[in-house]
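Okay, so here's the structure we're looking at.
Just so it is clear, none of the values below were taken in a lab; they were calculated from the coordinates. Just so it is clear, the model here is predicted, and its values are computed rather than measured. Note that each Cβ is placed from the backbone with ideal geometry, even for glycine, and that neighbours are counted across all protein chains shown.
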Amino acid sequence: MKFGGTSVEDTCAFQRVVQIVSAHKDMRPVIVVSAMSRFTDALLQSVQMAADGNASAASSWLEDHYERHEDVASSLLGAVEASLFEAALNKARSEIRELCVSIAAHSMPHAALQDSVVSYGEQLSSTLLAAVLRENNLPAHYLDARRLIVTDDEHGRAAPLFAETMRRTRAELEPLIEAGEMPVLGGFIAASRSGATTTLGRGGSDYSAALTGAVLQAREIQIWTDVTGVLTADPRLVESARTIPQLSYREAAELAYFGAKVLHPKTMQPAVEGRIPVRVSNTRQPSEAGTVILTETAVSPSTVKAIAHKTGITIVQITSARMLGAYGFLRAIFEIFDRHRTVVDIVTTSEVSVSLSLDEASALPAIIEELRQLGTVEIEPRRAIICVVGEGLRSTPGIAAHVFSTIRDINVSLISLGASSVNLTFVLDEEQVREAVMRLHAAFFERAADVYVS
Ligand code: ADP
Ligand code: ASP
Ligand code: MG
């Protein structure tokens, strides 16, 4: 059972978690928890302040957030648990202060120190949640997730090493579960083989929960959040977005990858092999079913299931007459992106040009320099991707026509259909994404004569 940041944002939220965990205690859950909402952002900001040379402002910047933890502790913990938590909080506060001094002094690699600072979000929320659960007579047992999840040393977006993670997680958790205890661990945080603190990328607690569930062969991986499941579109754009009762792993993975923030893009990966259902539920409405994500065979195809979108996309176009009829050209292009560890999402090609979309463009200046050796390079910033998702979409006639006629007056580029059987993806101007998503949602989900949706 994974509880996200808003699910542990304050005292009332912690009380809701207690209720939900109590109701599931016979299922012998393992609890994974995110940092309190907004705390990870604040920790990252304090790292930035320290890097800019202001170490003392960097640590005092976090005081409000320490206070939020203290408020929960003083409302929900008895004297003994409260003083234990107070000690943990004070230790965290002074360790963060020291780390900020090191960051300001540029004495150690920045990315490693940043992960160490950021990890206190989940360290504190999990320590506090374990105490609150124990206070409510649940057999909660706090465990440092950094002892369980082993990763490479790519700080900020570390990749788990599965065999080792499996061995350690099983060795630590199985005896506890057997003994009737309820392990409580922080999501998002892990450690490299050498023991350095790493993190799994923003929103990574979902991934931690899925990894833990998969290695323990859990009956279900539950993601508890602030919306009732995966919705037909981002509710921040489309008010009438509604819960999708069932999705296949592939549909959910595409949606998560192309911007449905409710799930970290890698959440489905560990679940697929063990065919473990992933359930997304609302902590504020725990009795509603939410969404269950299963293998495709268990999901009835009902062509268009949801629309995801992602902004902040950059398009790179490389044009060269040398490409005509030549081989090795695409390889040369992709090697450049590889070397700069930059992920490419959509690729389209013509006789003499290649267009690609990038989500993360920090290495772009260096990439452009190298691409210029191959041809003319053009950059289009501030683009967005829209991804229409549904099993059977590729083999259903008329979907593309319906999509593009709905937004016929909006210019689209880089259309990708057919690479996967479950999605139709295209790029447009960032300013037009809201309008396009709203129109597509209306066309596919809000009209009585919905022809493509069962
Ligand atoms: P948590 O802190 O629980 O991990 P997140 O903020 O990471 O929660 O994810 C939940 C949020 O994802 C929702 O509040 C919603 O605004 C956003 N979201 C974007 N697209 C979707 C979608 N298709 N379905 C549900 N939520 C979505
Ligand atoms: N706390 C981390 C973040 O805000 C991880 C998570 O919430 O899943 O990105
Ligand atoms: Mg999240």
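With the cut-off at 18 Å, tell me which of the pairs K2/K25; K266/K305; K25/K261; K261/K310 have Cα atoms farther apart than that.
K266/K305; K25/K261
Specify whether the C-alpha gyration tensor of region 57-132 places it in the rounded, prolate or oblate class, a ≥ b ≥ c being the square roots of the eigenvalues: rounded for a/c under 1.5, otherwise prolate if a/b is larger than b/c and oblate if not. Walk me through the intermediate numbers first.
Numbers: a/c = 2.80, a/b = 2.27, b/c = 1.23.
It comes out prolate by the Cα gyration axes.
Given H placed 1.01 Å from N in the peptide plane, which residues other than close sequence neighbours of A260 have an amide H under 5 Å from its amide H?
Result for A260 returns H309.
Explain nothing, just the number: relative contact order of region 291-431, from Cα pairs under 8 Å at least 6 residues apart, as a whole percent.
About 32 percent, as a whole number.
³J(HN,Hα) across region 249-255 via Karplus (A = 6.51, B = -1.76, C = 1.60, θ = phi - 60°), whole Hz, x for Gly/Pro?
Residue by residue, region 249-255 yields 4, 5, 4, 5, 5, 5, 4 Hz.
Hey, what did region 222-354 get for relative contact order, percent, Cα under 8 Å, at least 6 apart?
28 percent
Using the alpha carbons of region 1-158, what is the convex hull volume per residue in cubic angstrom, as a whole number?
Expressed per residue, the convex hull around the Cα atoms of region 1-158 is 105 Å³.
Report, by chain and number, residues whose modeled amide H sits under 5 Å from the one on S302, excluding near sequence neighbours (fewer than 5 apart, same chain).
E391
So for the pair A332, Q19, with labels modelled 7 Å out along Cα→Cβ, what separation do we get in nm?
6.4 nm
Considering only H309, A400, I415, whose Cα is most displaced toward the positive end of the charge dipole of region 299-454, charges sitting on Cβ of Lys, Arg (+1) and Asp, Glu (-1)?
A400
Just to check I understand the Karplus step: with θ = phi - 60° and J = 6.51 cos²θ - 1.76 cosθ + 1.60, what whole-Hz values come out for region 212-223, glycine and proline as x?
Each residue's phi maps through the Karplus curve to give 5, x, 5, 5, 8, 6, 5, 6, 7, 10, 9, 9 Hz.
Based on the mean of other beta carbon atoms within 10 Å per residue, what is the order of 404-412, 277-285, most packed first?
So the peptides 404-412, 277-285, ranked by packing, come out 277-285, 404-412.
In what sequence, highest mean first, do 161-172, 143-154 appear when ranked by Cβ atoms within 10 angstrom?
In descending order of packing, they fall as 143-154, 161-172.
When N counts the residues of region 241-364, how does its alpha-carbon radius of gyration compare numerically with 2.2 N^0.38 Å, as a ratio?
1.37
Going from the alpha-carbon gyration tensor of the chain, what semi-axes, largest first and in whole Å, does one get by taking the root of 5 times each eigenvalue?
Values: eigenvalues 303, 163, 79 Å².
In descending order, the three semi-axes are 39, 29, 20 Å.
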